[in-house]
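The values are calculated or read from the model by the stated rules, or taken from the named source; none is laboratory data. On a predicted model such as this, the values are computed, not experimentally measured, just so you know. Virtual Cβ from ideal backbone geometry, glycine too; neighbours counted across all protein chains shown. SASA here: full protein model, heavy atoms, side chains in, ligands and nucleic acids out. Shrake-Rupley method; radii C 1.70, N 1.55, O 1.52, S 1.80 Å.
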Amino acid sequence: MNKRTGKLCMMALLFLGSTLTSASVIFVDASALGANDGTSWGDAYVLLQDALDDATGGDQIWVAAGTYNPTRQVGGTGDRYKAFHLKNGVEILGGFAGTETSAEQRDWDQHSSILSGDIGVIDDPADNCYHVFYHPRNSDLDNTAVLDGFTITGGNADYAISSCRSGGGFY
C-alpha cells in the first residue's frame, strides 16, 4: 500500500469511527445536583431544553420522573409562546427513575415524566403555554423525531390567531 492509499484508508476509518461513536445518551433529571452537563444521571441537565439544545442526530435523551416546562420562545413573544421543539434523529424517552443503564429498564407507570405547559400560576390555564410542543407546517419534522414515555399536559391554545387556537399539547 502506498502512502496516499494509507492516508485515505486512515481518513475513512476515522470518519467511520466518528460516525459510529457520535450518538450518545443525554440525561435529564429535574432534581440532579451534579455538574448539570447531561453526561450521567448524577450530572444530568435539570432542564429538558438544555438537553434538546445539546442533542444531535442519533442521540437519545433519557428523562427522569418529574415535571418539565418549556423554556424556549417559539412563534411569538411572552411566556405563553414557550414550547418544546422535537429534532429529527433524536429520541426523547421518559419514564426513568434516574438509575437505569438501559432504556429497557424504564417504567413510565412507576416513574411519570410530565411535560407541562402550566408555567404561570399553577392550575390557572389563563397563563399556560399555548402549546407544549410547537412545530409549524414548514418545520420538516419527520418520523426520526421520537417522543416516548411522557404525559403531556397543561397546554392552553385559546388565542384567536389560528396557530394558537388548537393543539395545546402538540401543534
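Quick one: would you say Tyr130 is open to solvent by less than 60 Å² (accessible area, probe 1.4 Å) and farther than 27 Å from Asp107 by Cα? Yes, satisfied.
Restricting attention to the range 138-171, which residues are of a type in the set (Val, Ile, Thr) and either touching a Pro at 6+ places or on another chain (Cβ under 7 Å) or under 23 Å from Ser113 (Cβ atoms) (or both)?
Within the range 138-171, the first condition is being of a type in the set (Val, Ile, Thr), and the residues that meet it are 144, 146, 151-153, 161.
Result: Thr144, Val146, Thr151, Ile152, Thr153.
Among the candidates Asp107, Asp124, Asp142, the residue that is out of contact with any helix residue (DSSP H, G or I) (no Cβ under 6 Å at 6 or more places or on another chain) and more than 30 Å from Gly58 (Cα to Cα) is uniquely Asp124.
Kindly indicate which of Thr151, Thr144 is open to solvent by 30 Å² or more (accessible area, probe 1.4 Å) and free of Cβ contacts under 8 Å to residues at least 60 places away in the same chain.
Values: Thr144 fails: free of Cβ contacts under 8 Å to residues at least 60 places away in the same chain.
Answer to the check: Thr151.
Of all the criteria given as (1) of a type in the set (Gly, Ala, Ser); (2) modelled with pLDDT of 95 or more; (3) open to solvent by 50 Å² or more (accessible area, probe 1.4 Å), the one not satisfied by Gly75 is (2). The residues in the range 82-109 that are open to solvent by 60 Å² or more (accessible area, probe 1.4 Å) and either of a type in the set (Ser, Thr, Tyr) or within 13 Å of the chain's Cα centre (by Cα) (or both) can be counted, and the count is 6. Number of residues in the range 155-169 that are at pLDDT 85 or above and either β-branched (Val, Ile, Thr) or under 18 Å from the mean Cα position of the chain (by Cα) (or both) equals 1.
For the range 130-154, the candidate set comprises residues that are over 15 Å from Leu48 (Cβ atoms), touching a His at 6+ places or on another chain (Cβ under 8 Å) and not polar (S, T, N, Q); within that set, the residue that is modelled with the lowest pLDDT is His135. Answer with yes or no whether Thr39 is among the hydroxyl-bearing types (Ser, Thr, Tyr), in a loop (DSSP other than H, G, I, E, B) and under 17 Å from Tyr134 (Cα atoms). In short, no. For the range 110-126, does any single residue satisfy the condition of being farther than 20 Å from Leu47 by Cβ, at pLDDT below 95, of a type outside the set (A, V, I, L, M, F, W, C) and surrounded by 13 or more Cβ atoms within 10 Å (Cβ to Cβ)? Yes - at least one qualifying residue is present in the range 110-126. Looking across the range 154-165, just one residue is within 17 Å of Val74 (Cβ to Cβ), open to solvent by 70 Å² or more (accessible area, probe 1.4 Å) and either in a strand (DSSP E or B) or among the aliphatic types (A, V, I, L, M) (or both), and that is Ile161.
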